[in-house]
Amino acid sequence: MDLVLFGPPGAGKGTQAERLVERLQIPQISTGDLMRAERKSGSELGQKFDSYMSKGQLVPDELVIDLFAKRLGQPDAAKGAIFDGFPRTQAQAEALDGLLEKMGRTLHKVVVIDVPTDHIVDRITGRRMDPATGQVYHIRYNPPPPDVRVEQRADDTEEVVRKRDESYRRDTEPVLPYYEAKGLVARVDGLGSLEEVTERIKAAIGA
Ligand code: AP5
């Protein structure tokens with residue numbers, strides 16, 4: 001099964017993708033995580049990603065599509081994957097269709113996790129991550145265990161998150177009609193407990 005999790009920053013795409021990995025037995029492919037790993041390696045490409053990410057701007061399509069295509073081609077994604085944060089533009093959506101077609105696959109669903117803008121800043125500024133495992137927490141809604149040392153993402157400031165939200169509304173939401181025309185879009189309410197949202201997604205995808 002190939003599944004897109006779609007939604008604004010802080011909608012819960014990463015959190016829900018992690019929860020679905022075991023259930024669906026397919027990996028999560030997060031372009032944001034791939035870029036952060038590249039940045040951490042200190043490579044020139046990672047520095048290039050950082051110049052966009054730190055300002056809340058989208059990384060140019062050609063760089064993202066190349067990064068994504070390499071990851072999709074890995075053996076663990078041979079039977080499908082959960083796409084978290086990709087596609088974000090029309091060009092990326094069309095590239096995804098082309099890549100899947102070459103593999104004899106088509107998208108199963110595009111699940112939009114709806115969260116109103118006024119919840120986004122609270123969710124993002126309270127987010128913390130365990131750098132050792134990548135596990136995502138929230139200081140109030142999903143607090144880390146006391147013995148786990150957590151970090152805050154560099155782009156999780158209020159100023160940058162507002163830019164990321166603007167970019168979602170301007171560049172990414174307009175991709176939805178493309179998927180609506182194909183009958184692939186399912187909307188789920190992203191408010192509620194992590195378990196409630198997971199159950200809504202499972203119902204939407206028939207899992
Ligand atoms: P990326 O890493 O993809 O960030 P994002 O889309 O802004 O999404 P987030 O990771 O911030 O949020 P999420 O929806 O995964 O929420 P989460 O589950 O963590 O991208 C970062 C940057 O990389 C972009 O700005 C861009 O520069 C670049 N980039 C990446 N992909 C790109 C692409 N395809 N094209 C171009 N550029 C690209 O949850 C958030 C918080 O809320 C957590 O603390 C969590 O614990 C909490 N939470 C989750 N669910 C709930 C709930 N139900 N109730 C209460 N709290 C909850």
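Here are a few things to note about the model shown:
- Of note, ARG162 does not satisfy the criterion of being free of Cβ contacts under 8 Å to residues at least 60 places away in the same chain, charged (D, E, K, R) and either more than 9 Å from the ligand (Cβ to nearest atom) or not in a helix (DSSP H, G or I) (or both).
- Residue ID - nearest to the ligand (Cβ to nearest atom), chosen from residues in segment 189-200 that are of a type in the set (D, E, K, R) and either in a helix (DSSP H, G or I) or touching a Ser or Thr at 6+ places or on another chain (Cβ under 6 Å) (or both): GLU196
- Identity of the residue in segment 95-116, loosely packed, with under 15 Cβ neighbours inside 10 Å and within 13 Å of the ligand (Cβ to nearest atom), that ends up farthest from the chain's Cα centre (by Cα): PRO116
- Pairs with Cβ under 6 Å, 6+ apart, first in segment 1-12 and closer than 17 Å to ILE124 by Cβ, second of a type in the set (A, V, I, L, M) and assigned to a loop (DSSP other than H, G, I, E, B): ALA11/VAL115
- For ASP84, the requirement of being at pLDDT 95 or above, under 30 Å from GLY192 (Cα atoms) and within 16 Å of the chain's Cα centre (by Cα) is met.
- Only listed residue being out of contact with any His (no Cβ under 9 Å at 6 or more places or on another chain), more than 15 Å from the ligand (Cβ to nearest atom) and in a strand (DSSP E or B), chosen from ALA132, ALA203, ALA186, ALA207: ALA186
One line per residue, one yes/no per condition, for (1) within 25 Å of THR89 (Cα to Cα); (2) among the aliphatic types (A, V, I, L, M); (3) touching a residue at least 24 places away in the same chain (Cβ under 8 Å):
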site	(1), (2), (3)
THR133	no, no, no
VAL148	no, yes, no
GLN152	no, no, yes
VAL175	yes, yes, yes
ARG187	yes, no, yes
GLY192	no, no, no
GLU195	no, no, no
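- Filter pass, GLY80 being under 23 Å from THR133 (Cβ atoms), in contact with a strand residue (DSSP E or B) (Cβ under 9 Å, 6 or more places away or on another chain) and touching a residue at least 40 places away in the same chain (Cβ under 8 Å): no
The values are calculated or read from the model by the stated rules, or taken from the named source; none is laboratory data. The model shown is predicted, which means the values in this text are computed figures rather than measured ones. With ideal geometry, Cβ positions are generated from the backbone for all residues, glycine too; neighbour counts draw on all protein chains shown.
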